[in-house]
1. Restricting attention to the range 68-81, report how many residues are in contact with a Leu (Cβ under 8 Å, 6 or more places away or on another chain) and either modelled with pLDDT under 95 or not in a helix (DSSP H, G or I) (or both).
2. Of everything in the range 52-67, what is among the basic types (Lys, Arg) and out of contact with any Leu (no Cβ under 9 Å at 6 or more places or on another chain)? Give them in sequence order.
3. Could you tell me whether the range 39-50 includes any residue that is surrounded by 11 or more Cβ atoms within 10 Å (Cβ to Cβ), among the hydroxyl-bearing types (Ser, Thr, Tyr) and either out of contact with any helix residue (DSSP H, G or I) (no Cβ under 6 Å at 6 or more places or on another chain) or modelled with pLDDT under 75 (or both)?
4. I'd like the full set of residues that are closer than 16 Å to Arg16 by Cα and in contact (Cβ under 8 Å) with a residue 40 or more places away in the chain, limited to the range 69-94.
5. Being in a helix (DSSP H, G or I) and surrounded by 13 or more Cβ atoms within 10 Å (Cβ to Cβ) is the filter here; which residues of the range 97-115 pass it?
6. Which condition breaks for Leu65 when tested against (1) at pLDDT 95 or above; (2) assigned to a loop (DSSP other than H, G, I, E, B); (3) not polar (S, T, N, Q)?
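The values are calculated or read from the model by the stated rules, or taken from the named source; none is laboratory data. Since this is a predicted model, take the numbers as computed values, not measurements. We place every Cβ from the backbone using ideal geometry, glycine too, and count neighbours over all the protein chains shown.
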Amino acid sequence: MSTSLDAVRRILLERRDELKKRVSKITDDVRHVSGPLSSDFAEQAVERENEEVLDALGEAGRQELRQISAALARIDNGEYGTCVGCGEQIPWPRLEVLPFSDQCVSCAEDAPRQG
C-alpha cells in the first residue's frame, strides 16, 4: 500500500473513532442515560425538540460511519479512488477533502439526492 493510502487509512480510522464516540454520546443523550426528562411540561417540550436535532445528528454520524467503512473496504480491495459511477480515477484533491468519497465530482453531481 502506498504512503498516501496509509495516510488516508489513518485519517479514516481517526474519523471513525471520533464519530463512534460522538454517536454513542448522542444515543445516550436521546435515551436519557444520565437522567429522566424534566418534570416541567414546557421544559419537556424543549428537551423533545432537542432530541429531534440530536437524532438527525446521530443519523448523519451513522451515515458517515457507513461511508468510512466502505472506503476502508475499498482500500483493502484495491478499489479506493475509483469512481463507482464511471470507473475513472477520483482526483486526489477531492479525496483529500472527502476521503470516503466513492464518486468523482461529475457523477456525484448527477446522482439523485438522498434525504
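1. Residues meeting the conditions: 2.
2. Passing the criteria: only Arg66.
3. no
4. Ser69, Ala71, Leu72, Ile75
5. Passing the criteria: Val105, Cys107, Ala108.
6. Going through (1) at pLDDT 95 or above; (2) assigned to a loop (DSSP other than H, G, I, E, B); (3) not polar (S, T, N, Q) one by one, Leu65 breaks only (2).
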